[in-house]
Amino acid sequence: MLSRGSTARYFLIVTKRLWLGWRAWRSYRASFWLGIIGDLAWMLFTIIFFSSIYAHAGNIGGWPWPDVLMLIGTAHIINGLYTALFEANVKQLSTGIKSGNLDRWLTYPVDTQLLLTFGRINLRGFLTALLGVGITLYALKLAAFEPRLWHIMNYVLLLVGAVAVWLAAAFFIETLAFFLVNIEILRALQNEFYSYAAYPSAIYPSWVWKLVFTVLIPVLWMANIPAGALRDPEKAIWWILFPPLLAMLSRKAFLVALRHYQSAGG
Amino acid sequence: MRLLAIARSTASLSWREATAYRFNFAMSFLVIAIPFLLQVFLWRAVFSGRSEVAGYSLSQMIVYYVLALFLFDFVHPTILYDVSEDIKSGELSVHLLRPLPYPIWAFAVRLGSQAVYLAVVAVTVGGGALLLGWAGYLSAGDFSLAGLLRFVVVFLAAWLLGLLLSLAASFAVFFTEDAAGLSKLVSFVFPLLSGSLIPLDMLPGWIKNICYYLPFRWLVYEPIRVYTGQQPLAPTILALLGWVIVTAAIVWLLWRVGIVRFTAVGG
């Protein structure tokens, strides 16, 4: 499977698929610009939502405004990167199972999971991520906090980890399509959860809830944990062990499900 | 009468289709319950050490969100993917041969599938309200029978408007190649401008002014104020019916212009 192929060959396949994805995007320009407006509206409204609360309450669970702004920026970076690189690809698994296209992909001389991970790109996601970087930098300035290189390195590492967590969780959900056929509701549930990414961890009443929303439903991964690396890197860095673990579990689940797969297509 | 009978059968078939996927049906409780739990956590933290925020107590805020949660899924305008797929794939040409006008068919399908969801939401929200009462966040005084009756009336009118707005958004696919962008735009704009994300009176003045000219506030914020008695029922119903007429005209116009542009290729 994945480990057997040469790295150069896989790199070539990924690059080629990204190039084809870029060309496919150009067919949907109207949707692209509407999506950009949607992303900007989402960002603006998240900021308005929290700033309205701060205008009336002053703080949320002891969190000052710049820290929440940092969460908003971080959530947008993670969401943008996932949308740009993986969202459209991963979704193909469940549709492939339903339509029977998976049968064809399985005959390709390349790892199927890799094929379903890279290829289509969504440029809109990169813009969302860029805006997220801008908000995070502004939040740091507002907080008069200058992170050291060590903080930034941890932050970037945990950002990558968060995208990996999202990808692994999405793959896990898509894998359930082998058994459930229709997984739209689970996908909706995942997206719904992640829209609460910018809620500060201080709102959770106990550590049990925090653990649930970090490990079982990884909402806290989508902003709080990476952003925590900017403030307290020593404490946050241990979480970096979680994404590879989840990716391994997700991979295992995919392979087990594949072993039991009986074609559904006609 | 015949059209009504066909529309009723279509709605009934949609109900059966929606309950066919039992796992999805069961999971839809979680889609409602967990985000609501996070909202309760958030406002609990906001009210920590305070008895009032912007004129609301914690229990009033929770009642607001209970009702907003109930309303949201029925009134928020969304792209009806059946409709957008029919237009994009050319399947619409088959519907054009059928006796029931397509807009009425699409309306009936949505109504049928949402009727199932209404049962799910009513059970989840009702159960959630009981749990919140048990946890001490709500008391019997937070609910009134007269308020609930007023709410049911205004909810039905808001539901009708929401369905028509969804139909209008879906017919926009005649003019854009892909509905995902438009869908995302609507889904992000609506929660804030309708008051389902936060009560409109907590927003900055300039947004409140924008909301004044849009139909969205009549779908969530005003119906909740009707429940609490802050807004009279009759003018709210009149405003909703006014928007229903305007939106129905837009749906008709989009359909008439869209169907002229529509092309289906292949067999």
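Readers should treat all values here as calculations from the given coordinates under stated rules, not as data from a laboratory. Computed from a predicted structure; not experimentally measured. Virtual Cβ from ideal backbone geometry, glycine too; neighbours counted across all protein chains shown.
Some values worked out for this structure:
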| item | result |
| --- | --- |
| Fluctuation leader among B:S28, B:S51, B:S93 - chain B, Gaussian network, Cα springs under 10 angstrom | B:S51 |
| Simple spin-label estimate for A:Y138 and B:Y81 in nanometres, 7 Å along Cα-Cβ | 3.3 nm |
| Taking B:Y102, B:Y65, B:Y213 and counting other C-beta atoms within 10 Å, the order from fewest to most | B:Y213, B:Y102, B:Y65 |
| FRET efficiency, A:S206 to B:L96 (Cβ-Cβ, R0 60 Å, nearest 0.05) | 0.55 |
| For chain A, calculated [θ]222 nm from helices alone, where every DSSP H run of n ≥ 4 adds -39500 (n - 2.57) | -21500 deg cm²/dmol |
| Number of partner chain Cβ atoms within 10 Å, mean per residue of B:34-47 | 6 |
| Segment A:115-266, relative contact order in percent, only Cα pairs under 8 angstrom and at least six apart counted | 34 percent |
| Average other protein chain Cβ within 10 Å of Cβ, residues A:189-201 | 3 |
| Mean residue ellipticity (222 nm) of chain B, computed from DSSP H runs ≥ 4 via -39,500 (n - 2.57), nearest 500 | -25000 deg cm²/dmol |
| Choice from B:L192, B:L160, B:L214 with maximal GNM fluctuation in chain B (Cα, 10 Å cutoff) | B:L214 |
| Label point distance in nm, A:K16-A:N101, each placed 7 Å from Cα along Cα→Cβ | 1.8 nm |
| Farthest toward positive dipole pole in the protein assembly as shown [+1 Lys/Arg, -1 Asp/Glu at C-beta], among B:L132, B:A54, A:A198 | A:A198 |
| Chymotrypsin sites (Phe, Trp or Tyr not before Pro) within segment A:52-154: DSSP coil, no more than 16 neighbouring Cβ in 10 Å | A:F145 |
| Candidate aspartates and glutamates - alpha carbon under 15 Å from B:K88, same-chain residues fewer than 8 apart omitted | B:E177, B:D178 |
| Lysine pairs with alpha-carbon atoms under 30 Å apart, segment A:7-259, spacing 8 or more or separate chains | 11 |
| Cross-link reach list, lysines versus B:K208, counting only Cα pairs under 26 Å and skipping chain neighbours closer than eight places | B:K184 |
| Dimensionless Rg ratio for the protein assembly as shown, taking C-alpha atoms and the 2.2 N^0.38 Å reference | 1.00 |
| Cβ-based charge dipole, the protein assembly as shown, positive-most Cα from B:W159, A:A229, B:L149 | A:A229 |
| Relative exposure of A:F172, A:F179, judged by other C-beta atoms within 10 Å (fewest first) | A:F179, A:F172 |
| Label-point separation in nm, A:L245 to B:L238, each point 7 Å along Cα→Cβ | 6.3 nm |
| Shape call, chain B: gyration tensor on alpha carbons, a/c limit 1.5 | prolate |
| Dimensionless Rg over Rh [segment A:7-259; C-alpha; Kirkwood] | 0.98 |
| Order by protection proxy (mean Cβ within 10 Å, highest first), peptides B:52-61, B:37-46 | B:37-46, B:52-61 |
| Taking B:E222, A:E234, B:E91, A:E192 and counting other C-beta atoms within 10 Å, the order from fewest to most | A:E234, B:E91, A:E192, B:E222 |
| Inter-chain Cβ neighbour average for residues A:54-62, partner chain, 10 Å | 5 |
| Max mean-square fluctuation residue, GNM over chain A, Cα-Cα springs under 10 Å, options A:S250, A:S201, A:S51 | A:S51 |
| Contact order normalised by residue count of chain A, Cα under 8 Å, 6+ apart, percent | 27 percent |
| Check: the protein assembly as shown dipole with +1 on Lys, Arg Cβ and -1 on Asp, Glu Cβ, in debye | 960 debye |
| Cα centroid separation - segment A:152-203 against segment B:142-202, whole Å | 26 Å |
